[in-house]
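A.B. asks: Before anything else, here's the structure in question.
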Amino acid sequence: MRQKFQVKMALANVLRPLRKLRFLGYYFKDLVTSDLFRATYLCGNLPGSDTSIKVLFLGNAKQIHLVNDIFFDSSNLQQQDLGPINPLGQHHEHSYPELSEIDAVVTNHLFWAKPPKKGVYLVPIFLESMTPLPATIEELLPKLRETERRKIRKALKAGFEIEFAENEADYREFYDQMLVPLMKRRHDANALINPFEYLYTEAQAARSSLIFVKSGGKRLGGIHILWPTLAGSPAYFNKMGIIDEVSQDAAQFNLVNIALYYQMFNAAIQRGLTMMDLGVVSPILNNGLLQFKGKWGANCYDLEQIYYKYQIRFCSSKQHEILRSKYLIHREDNNLVATIGVTGEEVNTPNFEGMLKSSSFPNLKKIYLTYPDGKIETRCYSNPE
């Protein structure tokens, strides 16, 4: 058995560079498919603010969600297509004289190019969140913060029933009654919902599990996990859905959400896996989803095989207000760092410093605090609690 496992591990190590090469092929295919790269003008308000900002995006139109997540409240976002661009060329706002008072320009960064100049942020298109798994589910709770342990204990005391999907009809119920309603509630008109065929095929069902959480015999939510085909690879959290009735009740939603995550971890641990991939998140430190995954022990990674990155250059005095709204995670000297806009009143207060420390990740090497006058302070939390 041990020799068989060692063979699988050796095979996995051989195939990983090939996987990276495959992603490089996808990247170059995008570059030569020039109609994917377009100039887009976006205008809207910062989240939770009356401040209107204008952004010029010069990149892959399929990735415009990056700009939306970083800058805008999606409820009042407007965008205008300005036509195709050459992905290998140099572009800036002066190429579009019809535009005025642009606050930020987001430009595709070719992976072989030099790092941008100081003051221009190099941002991954997304971050991967990975959690190491202990040998038993009992060992998981002590690794989490006390607040999360309390939530898990509360969810377990709720007496939810657990059921595994058995057929296509179960997957269809999950898709129609849980996944799609939750996506629409979370993202409204910007919800990206793939067809049912992306979720269910016989081949994918054979290497995945769909776990339902029930109460009184009624299915409240489900979570879909893809199991690895190579030894040493992580399990992958694919999709989660919750019925609309539960989503409208914040307390009930939190209970079901926690219960689903717990059952996912339990299923992976029982299979003897050592790592859980919790999926991709936007490169925003105060992103609620990133913080939620961090509370389950996830670290954030900028994956080498994802070649897409973007440069963000601010062009107006609204830079500080934007960075106060969204805490931007970016690359510096091949490390992940974050920049936060702050005021003098909040810094060094117990609440603010506690927020910074609890928001950090082991892979986040520095957090820069930038003031309205341009002053910058640095915080380092190499071992956040």
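The values are calculated or read from the model by the stated rules, or taken from the named source; none is laboratory data. These numbers were taken from a predicted model, which means no experiment stands behind them. Heads up, the Cβs are rebuilt from the backbone with ideal geometry, glycines too, and the neighbour counts pull from every protein chain shown. Ligands, DNA and RNA are stripped out before the accessible areas are found, and what is left, the full protein with its side chains, is counted by its heavy atoms. Shrake-Rupley method; radii C 1.70, N 1.55, O 1.52, S 1.80 Å.
A.B. asks: Between K154 and E345, what FRET efficiency follows from the Cβ-Cβ distance if R0 is 30 Å, with the result rounded to 0.05?
C.D. replies: Efficiency, rounded to the nearest 0.05: 0.25.
A.B. asks: Find the centroid of the Cα atoms in region 294-313 and in region 93-170, then give the distance between the two in whole Å.
C.D. replies: 8
A.B. asks: Something else about it: With all distinct Cα pairs included, what does the Kirkwood hydrodynamic radius of region 301-385 come out to in Å, to one decimal, could you say?
C.D. replies: Over region 301-385, the inverse of the mean reciprocal pair distance is 13.9 Å.
A.B. asks: How large is the Rg to Rh ratio of the chain when both quantities use alpha carbon positions and Rh follows Kirkwood?
C.D. replies: 0.97
A.B. asks: R0 = 45 Å: FRET efficiency of K218 with S100, Cβ-based, nearest 0.05?
C.D. replies: 0.20
A.B. asks: In whole Å, what is the distance between the alpha-carbon centres of region 32-59 and region 195-223?
C.D. replies: First find each Cα centre; the distance between them is then 35 Å.
A.B. asks: Please compute the contact order of the chain in relative form: average sequence separation of alpha-carbon pairs under 8 Å and at least six residues apart, divided by the residue count, as a percent.
C.D. replies: About 20 percent, as a whole number.
A.B. asks: Hey, which lysines would be in cross-link range of K143, C-alpha to C-alpha under 24 Å, not counting anything within fewer than 8 residues on its own chain?
C.D. replies: K143 reaches K151, K154, K157, K293, K295, K357, K365, K366.
A.B. asks: A follow-up question, please. Find the accessible area per residue for the chain; the probe is 1.4 Å, ligands and nucleic acids are left out, and the unit is Å².
C.D. replies: Heavy-atom accessible area per residue stands at 52 Å².
A.B. asks: Please report, in Å, the Rg and the Dmax of region 84-206, where both are computed over Cα atoms only.
C.D. replies: 23.2, 62
A.B. asks: While we're here: Mind putting a number on the dipole of region 213-365 about its Cα centre? Charges go on the C-beta only, +1 for Lys and Arg and -1 for Asp and Glu, and I need it in Debye to the nearest 20.
C.D. replies: 340
A.B. asks: Measuring from label point to label point, each 7 Å out along Cα→Cβ, what is the L24 to E146 span in nm?
C.D. replies: Label-label distance for L24 and E146, simple model: 5.0 nm.
A.B. asks: May I ask you to give the average projected area over all directions of the convex hull of the Cα atoms of region 15-166, in nm² rounded to one decimal?
C.D. replies: Its average projected convex-hull area is 15.9 nm².
A.B. asks: Once the whole set of protein chains is in place, how much accessible area is left on K375, using a 1.4 Å probe, in Å² to the nearest 10?
C.D. replies: 100
A.B. asks: In percent, how large is the relative contact order of region 163-250, given Cα pairs closer than 8 Å and 6 or more residues apart?
C.D. replies: With pairs under 8 Å counted, the relative contact order is 34 percent.
A.B. asks: Ignoring ligands, DNA and RNA, what percent of the 1.4 Å accessible area of the chain is carbon and sulfur?
C.D. replies: Within the chain, the accessible surface is 51 percent carbon and sulfur.
A.B. asks: Using +1 at the C-beta of Lys and Arg and -1 at the C-beta of Asp and Glu, which of F57, Q248, F196 has the Cα lying farthest in the positive direction of the dipole of the chain?
C.D. replies: My answer, from the dipole projection, is F196.
A.B. asks: If you place +1 on the Cβ of every Lys and Arg, -1 on the Cβ of every Asp and Glu, and leave all else neutral, what size is the dipole of the chain about its Cα centre, to the nearest 20 Debye?
C.D. replies: 1320
A.B. asks: Let me spell out the model: positive unit charges on the Cβ of Lys and Arg, negative unit charges on the Cβ of Asp and Glu, origin at the Cα centre of region 190-263. What dipole size does that give, in debye rounded to 20?
C.D. replies: 200
A.B. asks: By how many nm would the segment from N286 to T201 lengthen if fully extended, with 0.36 nm per residue of separation less the alpha-carbon distance?
C.D. replies: The span from N286 to T201 would gain 27.0 nm if fully extended.
A.B. asks: Looking at region 224-364, send over the antiparallel percent of its DSSP beta bridges, to the nearest 5.
C.D. replies: Percentage antiparallel, nearest 5: 75.
A.B. asks: Among G83, G44, G59, which one shows the biggest mean-square fluctuation in a GNM of the chain, springs joining Cα atoms closer than 10 Å?
C.D. replies: In this elastic network of the chain, the residue with the biggest mean-square fluctuation among G83, G44, G59 is G83.
A.B. asks: Which whole-number percent is the relative contact order of region 203-243 (Cα, under 8 Å, 6+ apart)?
C.D. replies: Worked out over region 203-243, it gives 34 percent.
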